[in-house]
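This report refers to the structure that appears directly beneath it.
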Amino acid sequence: MLTRGTMPSSLFQAAVFAAGAVVGSGVTALVNRKTAKPIALDSPLPIVSIGANGETSISATPVLPPVLKYGNPGPIADPIVRRAYVAAYDRRLRHPAWTAEHLNLAHLGKSMLEPSDSTESGDRTKSQFMEDDSIPPQFRAKLSDYFRSGYDRGHMVPAADAKLSQEAMNETFYLSNMAPQVGEGFNRHYWAYLEDWCRRLTGSFADVYVFTVPLYLPQKGPDGKWRVTHEVIGNPPNVAVPTHFAKVVLTTKPSSPARPDILDLALGAFVLPNAPIPDNTPLSQFVMPVDAVERAAGLTLFSDAVKSASKHICQSTKCEVVVRRFDDARKRPDMRRAISAPPDAK
């Protein structure tokens with residue numbers, strides 16, 4: 001458990017980037033909304049912050065060491081702050097290094113107590129895929145990169161998570177929020193079931209924090225050596241195709257009505273291959289330790305204090321996806337069924 005003062009009351013107070021690259025605690029910044037941790041004067045860490053009224057700002061980039069006065073090679077991870085999510089864009093791979101979002105009933109437009117400020121909710125049919133002009137042209141993923149590639153433009157933050165306004169939903173259609181995903185059996189099916197499971201958590205928890213991380217994991221070859229092999233799409237080939245994707249989920253809720261200032265935390269990570277997955281596959285098959293995801297991605301998503309204070313999410317709720325073949329579900333309600341088997345891993 002943690003006291004409410006140590007947890008965020010909105011998406012993030014701060015996400016830290018080093019010359020555009022995530023360093024140190026990465027997206028660990030589950031800090032108090034009113035104050036941000038001071039930054040050392042000699043540390044090259046600009047800060048992207050969300051203020052008390054929801055406004056965003058980026059601190060001035062500190063002075064670089066003299067050896068870099070003619071140019072800083074990076075690596076660069078462009079900070080992205082949207083209405084419904086924040087992210088870091090990987091210029092080399094041309095897809096997000098990670099995305100982070102805060103879900104609750106109000107954000108999904110389902111709360112009677114906290115109605116949306118917007119008079120219009122998001123409508124997916126009014127959105128269209130678009131290139132992100134905030135990314136330098138030479139590092140930008142382009143619509144033509146995906147054309148006839150055999151891969152879907154896979155949302156890292158799904159459009160259904162951004163129904164608070166049309167503008168918020170439109171922002172999920174930037175290619176800077178996409179990575180190439182296998183369509184049939186994955187992006188359109190099992191991955192969508194997992195996204196739906198994350199949204200359904202808002203019915204049981206006050207706040208749900210979802211981190212999506214593309215991964216490149218090694219496989220052992222016939223010679224006994226481990227290698228990372230992945231496809232690259234585009235003309236010229238620019239956009240890397242991840243071998244796996246991770247969803248890392250943190251939930252919070254008051255421990256009791258008498259002590260709303262003390263939060264119960266639950267945490268879990270799921271790593272799925274970028275490949276067709278049968279509908280009857282238990283979600284428990286994809287459970288991985290959060291530390292393993294962090295090591296594979298080179299990120300620190302949560303502090304040790306948050307990890308040690310958290311139960312495994314499958315001990316706090318059912319880790320089961322609901323199979324929804326959306327095209328068929330309208331005709332056949334029996335197409336909806338649950339797949340379960342909560343693990344005891346953490």
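What does a probe at Glu184 reach in region 137-158, counting residues whose amide N is under 19 Å from the point 7 Å along Cα→Cβ?
147-154
Hey, rough spin-label estimate for Ala305 and Arg200, points 7 angstrom out along Cα→Cβ, what's it come to in nanometres?
A separation of 3.4 nm, rounded to one decimal place.
Can you check what the net charge comes to around Glu101, using other residues whose Cβ is under 12 Å from the Cβ of Glu101 (Lys, Arg +1; Asp, Glu -1)? Display every interim value, and only then the final one.
Numbers: positive: Arg82, Arg83, Arg199, Lys247; negative: Asp161, Glu171, Glu195, Asp207.
Every neighbour counted, the sum reads 0.
Sort Trp197, Trp98, Trp226 by Cβ crowding within 10 Å, fewest neighbours at the top. Walk me through the intermediate numbers first.
Numbers: Trp197 19, Trp98 24, Trp226 9.
Listing Trp197, Trp98, Trp226 from fewest to most nearby Cβ atoms yields Trp226, Trp197, Trp98.
Using the count of nearby Cβ atoms within 10 Å as a rough guide to exposure, how do Val293, Val210 rank from fewest to most?
Ranking Val293, Val210 by Cβ neighbours within 10 Å, fewest first, gives Val293, Val210.
Quick one: 3J(HN,Hα) in Hz for region 96-105, Karplus 6.51/-1.76/1.60 with θ = phi - 60°, rounded, Gly and Pro as x.
x, 6, 6, 10, 9, 9, 10, 10, 8, 4
Within 11 Å, Cβ to Cβ, of Ala77, how many net charges do the neighbouring residues add up to if Lys/Arg are +1 and Asp/Glu are -1?
Taking every other residue near Ala77 into account, the sum is 0.
What Kirkwood hydrodynamic radius do you get for region 193-250 when you take the inverse of the mean 1/r over all pairs of distinct Cα atoms, in Å?
Numbers: mean 1/r = 0.0704 Å⁻¹.
Taking every pair of different Cα atoms in region 193-250, averaging 1/r and inverting gives 14.2 Å.
Of Lys142/Lys163; Lys247/Lys311; Lys126/Lys247, which ones are farther than 20 Å apart at the Cα?
Lys142/Lys163; Lys126/Lys247
Over all directions, average the projected area of the Cα convex hull of region 82-339 and note it in nm². All intermediate terms of the calculation are to be shown ahead of the outcome.
Numbers: hull surface 64.7 nm².
Over all viewing directions, region 82-339 projects a mean Cα-hull area of 16.2 nm².
Using the count of nearby Cβ atoms within 10 Å as a rough guide to exposure, how do Ile233, Ile262, Ile313 rank from fewest to most?
Ordered from fewest to most neighbouring Cβ atoms within 10 Å, Ile233, Ile262, Ile313 come out as Ile262, Ile233, Ile313.
How much length is gained on full extension from Thr281 to Lys220, taking 0.36 nm per residue of separation minus their Cα-Cα distance?
Computed gain between Thr281 and Lys220 is 19.6 nm.
Tell me, what HN-Hα J-couplings in whole Hz come from the Karplus equation 6.51 cos²θ - 1.76 cosθ + 1.60 at θ = phi - 60° for each residue of region 169-182, using x for Gly and Pro?
For region 169-182, the Karplus-derived couplings read 5, 4, 5, 6, 9, 5, 5, 6, 9, 10, 9, x, 10, 4 Hz, x marking Gly and Pro.
Taking every eigenvalue of the Cα gyration tensor of region 184-281, multiplying by 5 and rooting it, what semi-axes result, largest first, whole Å?
Numbers: eigenvalues 246, 48, 35 Å².
After diagonalising the Cα gyration tensor, the semi-axes are 35, 16, 13 Å.
Quick one: which residues, 5 or more positions from Asp78 or on another chain, have an amide H under 5 Å from its amide H? H modelled 1.01 Å from N in the peptide plane, none for Pro or chain starts.
The answer is Tyr89, Arg91.
Read-outs throughout are calculated quantities, based only on the coordinates presented, and are distinct from any laboratory measurement. It should be emphasised that the depicted structure is a prediction, and the values quoted were computed from it without experimental measurement. Because the Cβ atoms are built from the backbone with ideal geometry, glycine has one as well, and the counts that use them run over all protein chains shown.
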